[in-house]
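Asker: The structure is given below, and queries will be raised subsequently.
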Amino acid sequence: MARSIWIRALWYDDNGIAPERFLRMKFFLLLFCDKMLRMQKIITTDWAQKNFSNFALRHRGLREEGAMYHRSFATVCCLIAAIGLISAPAGAKKKLYKEKKAVLEWLSQPEVMERFGKISDALWSYAELGLQEYKSADLLARTLEREGFRVEKGLAGMPTCFVATYGSGKPVIGILGEYDALPMISQKGRVPKRDPVLEGAPGHGCGHNTMGTAGIAAAIAVKRVMEQYGLKGTVKFFGSPAEEILVSRPYMIRAGLFDNVDVVIDNHASDKFGTRWGVSGNAAISVIFTFKGKTAHSAGSPWEGRSALDAVELMNVATNYLREHLFYTYRMHYVIIDGGEAPNVVPDHASVWYYIRNTDDRIEEMYQRVLNCAKAAALATGTELAEVRVLAAAHQKHSNRALAELIQENIELIGMPEWSEEEQAFARALQKELGKEEKGMPTEVDTLKGPEKPFVGGGSTDVGDVSLIAPTATVRFPGRVPGAIGHHWSTVACNYGSAAWKGLIAGAKAMAATAIDLLTRPDVLAKIRQEFEEHSSKHPYKSLLPENAKPPLDLNKEIMDRWRKLMAKYYEEPEP
Ligand SMILES: [Zn+2]
């Protein structure tokens with residue numbers, strides 16, 4: 001419509017007649033517009049042919065000159081393109097606007113990589129379990145404070161949960177960051193065979209040390225550019241503890257921490273550089289079943305006792321039979337965290353900790369069936385199902401497509417980091433040790449992924465809940481060796497040192513560039529929000545947590561208190 005108005009204005013005078021004296025000028029102007037529009041793919045060649053070439057046919061004299069004009073236009077374009085190619089920095093596939101250029105340049109400085117790399121390595125050395133991340137949260141929060149963020153700590157009932165804010169007003173862009181470790185998988189960094197720092201101690205087997213750090217690096221880079229160019233809006237970093245046990249986000253949402261956030265950019269360490277949209281992963285309920293029985297002499301008068309351990313074992317037998325009749329998207333695993341204290345005393349207390357996982361639409365029914373197994377076991381053993389304690393519950397992740405497309409654009413712009421010969425050699429050595437293909441580190445970024453078809457479920461993240469209250473997508477950044485196993489010493493080995501530093505900076509760049517787009521391109525933000533509003537009208541958020549659930553602050557306390565003393569001598573203490 002707009003196009004036809006300006007063409008008419010050029011073409012005709014007030015009486016709808018084209019005055020002869022302007023014909024030549026108009027013709028060249030139109031040829032130029034025709035070229036530009038065709039190049040921009042705004043009009044089709046057919047449309048241009050009809051509107052411009054007919055005109056040239058009617059004015060034969062101009063036709064010849066027109067052909068010449070086409071040739072000179074092409075020559076000038078070639079020259080401009082050639083100059084552009086020569087002067088463009090390597091890897092730049094698109095012209096950058098100044099704010100995005102500034103954010104990427106800041107993160108590209110070697111001293112910036114070193115600063116955040118050392119913070120990531122320090123978190124790796126602390127390897128604190130969920131809700132025990134006191135040193136990790138403190139280092140990240142201090143770094144943000146030093147950069148001028150307002151930091152609120154101890155939020156949503158969790159001492160290691162914090163939110164750092166810079167700026168004011170809309171839009172509000174959230175960046176997520178995690179920093180908890182996993183038990184039992186201690187390992188030396190960049191050593192390609194099993195070699196624990198401390199046998200049995202916790203380790204960063206999912207890369208959360210790099211993720212919390214990538215998140216603050218992105219937030220700080222964005223803040224600096226907002227300041228430099230006077231960009232309006234707010235950037236918030238959500239320090240999210242205990243992701244490995246799926247704890248923090250549902251409680252953070254309940255506490256209102258995400259109210260008024262327009263878009264959330266999440267990140268996760270990976271062996272790829274990519275993102276996806278649509279539903280992924282499984283919903284999960286983490287729950288401890290505790291049985292109470294009666295003690296007795298296990299040999300002298302066992303008939304006097306009622307074994308709580310029997311109830312746990314019978315419950316597990318029942319749930320293992322249940323597997324056959326669950327829809328294939330399920331996952332279910334448990335550990336017996338209390339099985340009594342001595343064989344010669346019938347145990348009067350026993351507990352089993354379950355992870356129950358399935359799709360959003362199947363999780364609650366599955367949970368009820370597992371609960372029935374517990375009740376039946378209590379009945380059969382004459383014990384009591386004394387407590388059902390839900391520790392955490394999270395939805396599947398519903399990643400926003402428009403946001404994922406924007407992230408993908410930035411990932412392609414940034415490109416895969418260049419790995420050194422030493423990093424490639426480590427990757428091949430680790431792959432050899434694990435019996436995997438010795439292909440080294442990846443060289444190409446991933447393509448944009450959609451929902452898995454058929455859905456094969458798998459792991460869970462409490463980011464799922466965030467994705468139902470604000471448009472969310474995850475930047476997966478590289479650094480892990482392809483073939484390294486998650487929650488395993490091989491991944492702990494990858495999350496320390498130079499390749500991890502390069503990966504986390506690549507992730508920070510993708511997040512920061514996306515945040516800058518969201519702060520400067522209201523049309524893109526509006527599209528993301530619109531998609532989210534439509535999605536949430538179909539999938540309104542309702543927490544899977546029982547109303548009385550509280551963050552399980554005690555869960556890892558004992559284990560961590562024990563390890564802290566032994567691990568302290570390996571701690572790294574960088575500048576914030
Ligand atoms: Zn993880």
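Asker: Per q in 0.29 Å⁻¹, report the Debye log10 I(q)/I(0) for the stretch 308-358, using one uniform scatterer on each alpha carbon and no solvent.
Answerer: Rounded to two decimals, the profile gives -1.10.
Asker: Okay, next question. Please give every one of the lysines within straight-line cross-link reach of residue 375, meaning a C-alpha to C-alpha distance under 22 Å, and leave out same-chain neighbours fewer than 8 residues apart.
Answerer: 292, 294
Asker: In terms of modelled amide H atoms, which long-range or inter-chain residues lie less than 5 Å from the amide H of residue 185?
Answerer: Correct list: 203.
Asker: A further question follows. Could you go through the stretch 413-424 in sequence order and give the Karplus-derived ³J(HN,Hα) for each residue, using 6.51 cos²θ - 1.76 cosθ + 1.60 with θ = phi - 60°, rounded to whole Hz, and x for Gly and Pro?
Answerer: 5, 6, x, 5, x, 8, 8, 7, 4, 5, 5, 5
Asker: Pull out the extension gain between residue 345 and residue 105, defined as 0.36 nm times the separation in residues minus the alpha carbon to alpha carbon distance; nm, one decimal.
Answerer: So the extension gain works out to 79.7 nm.
Asker: Considering every pair of different Cα atoms, what Kirkwood radius, in Å, is found for the stretch 335-400?
Answerer: That comes to 14.1 Å for the stretch 335-400.
Asker: Which ³J(HN,Hα) values in Hz, rounded to whole numbers, follow from the phi angles of the stretch 289-304 under the Karplus curve 6.51 cos²θ - 1.76 cosθ + 1.60, where θ = phi - 60° and Gly and Pro get x?
Answerer: 9, 10, 10, 10, x, 9, 7, 6, 5, 5, 9, x, 8, x, 5, 7
Asker: Under 16 Å from a label point 7 Å along Cα→Cβ of residue 294: give me every residue in the stretch 305-338 with its amide N that close.
Answerer: Only 305-311 pass the distance filter.
Asker: Quick one: length gained pulling residue 142 to residue 364 fully straight, 0.36 nm per residue minus the C-alpha distance?
Answerer: Full-extension gain reported as 75.9 nm.
Asker: Can you work out the FRET efficiency for the pair residue 170 and residue 323, with r the C-beta to C-beta distance and R0 = 60 Å, to the nearest 0.05?
Answerer: My answer for the efficiency is 0.80.
Asker: Put a dot 7 Å past each Cα toward the Cβ at residue 388 and residue 114; how far apart are the dots in nm?
Answerer: 5.7
Asker: Which of the aspartates and glutamates could a cross-linker bridge to residue 527, judged by Cα under 13 Å and excluding same-chain residues fewer than eight apart?
Answerer: Counting by Cα, and skipping residues close in sequence, residue 527 has these aspartates and glutamates nearby: 262, 405, 517.
Asker: Cross-link partners among lysines for residue 223, C-alpha distance below 23 Å, same-chain residues fewer than 8 apart left out?
Answerer: Partners within reach: 95, 98, 100, 101, 118, 153, 170, 232, 236, 502, 509.
Asker: Which three lengths, in whole Å and largest first, does the stretch 203-262 cover when its Cα atoms are put on their principal axes?
Answerer: Principal extents (Cα only, largest first): 40, 28, 11 Å.
Asker: Give the shape of the stretch 247-350 as rounded, prolate or oblate, defined through the alpha-carbon gyration tensor: a ≥ b ≥ c are the square roots of its eigenvalues, a/c under 1.5 means rounded, and otherwise the shape is prolate if a/b is larger than b/c and oblate if not.
Answerer: Since a/c reaches 1.5 and a/b is larger than b/c, the shape of the stretch 247-350 is classed as prolate.
Here, each number is a calculation from the coordinates, and none is a lab measurement. On a predicted model such as this, the values are computed, not experimentally measured, just so you know. All Cβ positions, even for glycine, are placed from backbone atoms using ideal geometry, and neighbour counts span all protein chains on display.
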